[in-house]
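The values are calculated or read from the model by the stated rules, or taken from the named source; none is laboratory data. Values in this document were obtained by computation on a predicted structure and should not be read as measured data. Every residue, glycine as well, gets a Cβ built from its backbone with ideal geometry; the counts of neighbours run over all protein chains shown. In case anyone asks, the SASA skips ligands and DNA or RNA and just uses the protein heavy atoms, side chains included. Shrake-Rupley method; radii C 1.70, N 1.55, O 1.52, S 1.80 Å.
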Amino acid sequence: MVRVGRTGGLLGRAVLGAGAAGAVAVAGWWRGALTADGTAAAVAVGTPVFAVGGGRWAAVLVGFFTLSSALSQVGRERKAAMAAVANKGSRRDAGQVLANGGVAAGAAVVAGITGKPEAAFPAFLGAMAAATSDTWATEIGLLSRRPPRSIVTWRQVRPGLSGGVTPLGLAAAAAGGATIGLIGSLGRPRRELVALGTLAGLAGSLADSVAGATVQGVYRCPRCGEETERRVHSCGTPTIPARGVAWIDNDVVNLIGSAVGAITALVLARRRPGRRG
Ligand SMILES: [Zn+2]
């Protein structure tokens, strides 16, 4: 191990954190889960988390990344057919990484500045739970035999389009949040962390769906008439704005979802001052 003195402590941990984040990110790139700029963004997100947070924080981040990447491989053919609708490839780019991990990394930076990682942990856990819930809801919800319905109008929407929910997707969102809470308690299942992860995950992914159904920019292909989140449709035709706010894309919506997850967890954690073990 590298021995670090008191003054060099933070720098030493930052170097170790960057090394660990780099190793995980490059492994993700190697396995096809990240683009080149997504790998750089993953190092930027992972460095403060590994450097400041320690074991539980690192486990949550690696758990989110590993489980979400694995889930994206489930039902690949069915999902490939829907890639025409959603503005997503199988590799995560920098925008997607920062949308999912930016708030969590921010919590780690705050923990480093204040020197109180325990106080910032619920925000970190909530942000990661929301990102996990949304990813699981999307990846597993796409496999639903039932067509998704808009969370706002309750009308049927095309699979893959933001704002649509299915019972399967909601169950996956709850499971994803609970899993992050479980990983966050690192070997000692603490009911309150599992509950915190579940509730923050559900709140974040519901906020994500509402934002996706209302403000997110949706485009229409003038040639096929299909709605899509892409600026250029899969048929090669540039699309035209149909509804929502043009600059609010899926990444902005994901960022909103993880912020709601972080705030939800902070509020819930404050209501329970009796922190055990
Ligand atoms: Zn088209």
With all protein chains modelled, accessible area of Asp251 [1.4 Å, Å²]: 40 Å²
Sparsely packed chymotrypsin sites (Phe, Trp or Tyr not before Pro) within segment 123-210, loop by DSSP, other Cβ within 10 Å at most 11: Trp154
With a bin width of 5 angstrom, please list the P(r) values of the chain as percents of all Cα-Cα pairs, from the 0 bin to the one holding the largest distance. 1, 7, 12, 17, 18, 16, 12, 8, 5, 3, 1, 1, 0
Just need the relative contact order of segment 9-270 here, percent rounded to a whole number, with Cα pairs under 8 Å and 6+ apart. 20 percent
To the nearest 10 degrees, how steep is helix 117-141 against the longest Cα principal axis of the chain, on a 0 to 90 scale? 30 degrees
Between Pro148, Pro159, Pro189, where does the largest GNM mean-square fluctuation fall for the chain, given springs only between Cα atoms within less than 10 Å? Pro189
Of the residues Ser205, Ser162, Ser150, which exhibits the maximal mean-square fluctuation in a Gaussian network model of the chain defined by a 10 Å Cα contact cut-off? Ser150
How much length is gained if the chain between Thr237 and Glu192 is pulled fully straight, taking 0.36 nm per residue apart and subtracting their Cα-Cα distance, in nm to one decimal? 11.2 nm
Among Glu226, Glu77, Glu118, determine the one that fluctuates most according to a GNM of the chain built with springs between C-alpha atoms less than 10 Å apart. Glu77
For the chain, longest principal axis from Cα atoms; helix 36-48 axis from its Cα atoms; angle between them, nearest 10 degrees, is 40 degrees
Computed, not fitted: 222 nm per-residue ellipticity of the chain from DSSP H runs ≥ 4 (each -39500 (n - 2.57)), nearest 500, equal to -20500 deg cm²/dmol
Suppose R0 equals 22 Å. What FRET efficiency, 1/(1 + (r/R0)^6) with r the Cβ-Cβ distance, do Ala27 and Arg76 give to the nearest 0.05? 0.60
Amide H contacts under 5 Å for Gln216, restricted to residues at least 5 apart in sequence or on another chain and with H modeled in the peptide plane, are Val245
If I model a spin label at Val15 and Trp247 as a point 7 Å from the Cα along the Cα→Cβ vector, what separation in nanometres do I get? 4.1 nm
With every protein chain kept in place and ligands, DNA and RNA left out, what is the accessible area per residue of the chain? Probe 1.4 Å, answer in Å². 50 Å²
Gain in span if fully extended, Arg146 to Asp37, counting 0.36 nm per residue against the direct Cα distance: 35.7 nm
Run the numbers for Ala171 and Val109: contour at 0.36 nm per residue of separation, minus the present Cα-Cα distance, in nm. 19.1 nm
Quick one: helix 9-30 against the long Cα principal axis of the chain, what's the angle to the nearest 10°, folded into 0 to 90? 30 degrees
Amide H of Leu34 versus every other amide H placed in the peptide plane: which residues, excluding those fewer than 5 positions away on the same chain, fall under 5 Å? Trp29, Arg92
Under a 5 Å amide H to amide H cut-off, with H placed in plane at 1.01 Å, what residues pair with Arg230 once short-range neighbours are removed? Tyr219
What distance in nm lies between label points placed 7 Å from Cα along the C-beta direction at Ala119 and Arg271? 2.2 nm
What part of the accessible area of the chain, given as a whole %, is carbon or sulfur when the probe is 1.4 angstrom? 63 percent
